[in-house]
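Some notes on the structure that comes next.
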Amino acid sequence: MPATQKRTKGSAPCGYAYLGMKRGLVLGGGGLVGISYHAGVLKALDDYGMDVKGSEIIVGTSAGALVAAYLTSGWAAADFYEYSFGRHPSSRSPAEAEAASLRRFDPLWASSDEHVRRVVGSLLAVAASRGLRPPGLPSNRLRGWFPPGMYSLEATRARLEADLPLAWPHKGLHICAVDLDAGRRVVFDKRSAQDVRFADAVLAAIAIPGFFPPVQIGNNAFVDGGVVSTTSLDVALDQGCDTILCIAPLGYRFDGMTSPRDPKLWPALAVRSLFARSLRRSLEKARDRGVPALVIRPGLTEVRTHGSNAMRRHDEAGIAEAAREGTLRLMEDNADHPVVRSIGVR
């Protein structure tokens, strides 16, 4: 069967989907490039006939938190792909897209002195997100002297508040962030809705420490949960999932087409190696518990296109289409995997 053909009902065993299993969908981080990768993967899964929106547990981290928020708030799996190509109703006009690409992010400094203080504050925020901070100094006073974050999140905040519902949209949705003062991961879920607005939780989950300022929720400041784990697959395990499908834009796999010895790949692989350990630990934990997990990650040929800077300008449509094609091939190779069987095929 060609890789681009949608599987038809009954073309693969799908009985597991009706046995009351708790299925987990884990959407990992990866910056702007990662969002485009998610778009292609979700389109491929939809083409393949898999209804991932029906997963009982959905875990989102960093860029994956943004995708999870929209996926559980009304967007179809294929909508992200259409958005990457500029064909979605929510897509910006060509003029708006060009203006946004030129402006990119709004800087938060207006002078060289403020720029230096923000650089120092951003470095301190990165350290604090890892549980490290200068002893004896209150964190709020330190942030007053050296404000963290180089670029504004206000335009993103306005967009999220306009697009997302006020109520928590899915009882099994978990959004991962890091409490900057405590230096530990916090998982927002439906139980958090009494104290945390949904849009604020998503904004906190994408506030890359050092790049964006932390998001204040109540008395605490929060940043991107990807500093702890770029997938947070362990959260799905802790929720008692029986199977887990994980999309990991910052992972990589050997695809038989590109050699890891290619010098053009080394910077990107070096970045990804920093995040690979936590994913390996989570997969080992899943194996120890007997929980089948299937990880979708870019092949080395895709990684060469993704590069090492996940926040750069890029060919959204090209990365999405490559992800779609690569995922369809992966699904064909794993048609009998327990995770694929648990979700079922339309």
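The values are calculated or read from the model by the stated rules, or taken from the named source; none is laboratory data. Just so it is clear, the model here is predicted, and its values are computed rather than measured. Note: ideal-geometry Cβ built from the backbone for every residue, glycine included; neighbour counts use all protein chains shown. Side chains included, ligands, DNA and RNA excluded: accessible areas come from the protein's heavy atoms. Shrake-Rupley method; radii C 1.70, N 1.55, O 1.52, S 1.80 Å.
Those strands (runs of 3 or more DSSP E) of the range 162-270 in which at least 3 residues are of a type in the set (V, I, T) and out of contact with any Asp or Glu (no Cβ under 7 Å at 6 or more places or on another chain), considering only elements entirely within it, cover 243-247. Among all residues of the range 167-190, there is at least one that is open to solvent by 10 Å² or more (accessible area, probe 1.4 Å), touching a Lys or Arg at 6+ places or on another chain (Cβ under 7 Å), under 22 Å from V67 (Cα atoms) and not basic (K, R).
Filter the range 235-279 down to the residues that are of a type in the set (S, T, Y) and touching a residue at least 12 places away in the same chain (Cβ under 8 Å) and list them by number. Step through it out loud before you land on a result.
Taking the range 235-279 and keeping what is of a type in the set (S, T, Y), we get 243, 252, 258-259, 273, 278.
T243, Y252, T258, S259, S278, listed by residue number.
When A193 is tested against the conditions (1) among the small types (G, A, S); (2) in contact (Cβ under 8 Å) with a residue 60 or more places away in the chain; (3) open to solvent by 20 Å² or more (accessible area, probe 1.4 Å), the lone failure is (2).
Of all the numbered requirements in (1) open to solvent by 40 Å² or more (accessible area, probe 1.4 Å); (2) under 24 Å from D51 (Cα atoms), I244 misses one, and that requirement is (1). Out of K9, K53, K43, one residue alone is under 17 Å from M331 (Cβ atoms), under 18 Å from the mean Cα position of the chain (by Cα) and modelled with pLDDT under 95. It is K53. Summed over the range 283-306, residues that are more than 17 Å from the chain's Cα centre (by Cα) and over 23 Å from R87 (Cβ atoms) total 15. Got a number for residues in the range 196-213 being under 18 Å from G60 (Cα atoms), open to solvent by 10 Å² or more (accessible area, probe 1.4 Å) and of a type outside the set (G, A, S)? The number of residues fulfilling the criteria is 6.
Checking each residue in the range 32-70 for being assigned to a helix (DSSP H, G or I), open to solvent by less than 10 Å² (accessible area, probe 1.4 Å) and among the aliphatic types (A, V, I, L, M) picks out V33, A39, V41, L42, A44, L45, V52, A63, A65, V67, A68, A69. Note on the range 214-235: among residues that are more than 16 Å from the chain's Cα centre (by Cα) and surrounded by 22 or more Cβ atoms within 10 Å (Cβ to Cβ), the one that is farthest from M311 (Cα to Cα) is A221.
Looking at the range 80-89, can you tell me whether even one residue there is under 25 Å from G225 (Cβ atoms), in contact with a Cys (Cβ under 8 Å, 6 or more places away or on another chain) and open to solvent by 30 Å² or more (accessible area, probe 1.4 Å)? No: zero hits. The set of residues in the range 282-314 that are open to solvent by 60 Å² or more (accessible area, probe 1.4 Å), under 23 Å from G31 (Cβ atoms) and not in a loop (DSSP other than H, G, I, E, B) comprises R304, T305.
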